[in-house]
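Each value in this text was obtained by applying a stated rule to the coordinates, not by laboratory testing. The model shown is predicted, which means the values in this text are computed figures rather than measured ones.
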């Protein structure tokens, strides 16, 4: 039997095979706001994953993100965190 290639990481010819867009989020919690575990649960539902370092979570795009994509995603994060009394900073990088 011939193995089926993994197409998850496939990029069309001409695109770098190693470019991976990531959006990082750094959070600042308030003692007057929602519990950190509730905030993390909401962000996990958007596709964020835990990461190590000075950033709290990372979202790994399945394609190259445009500026419009990053703004759309920032709006989604804002909507999910609205009213929880948490401050956040996003950074999208290649």
Exercise. Rounded to a whole number of µm²/s, how large is the Stokes-Einstein D of the range 22-93 at 4 °C and 1.567 mPa s, given Rh as the Kirkwood radius over C-alpha pairs?
Worked result: 104 µm²/s
Exercise. Once fully extended, how much extra length lies between residue 51 and residue 75, figured as 0.36 nm per residue of separation less the alpha-carbon to alpha-carbon distance?
Worked result: 6.5 nm
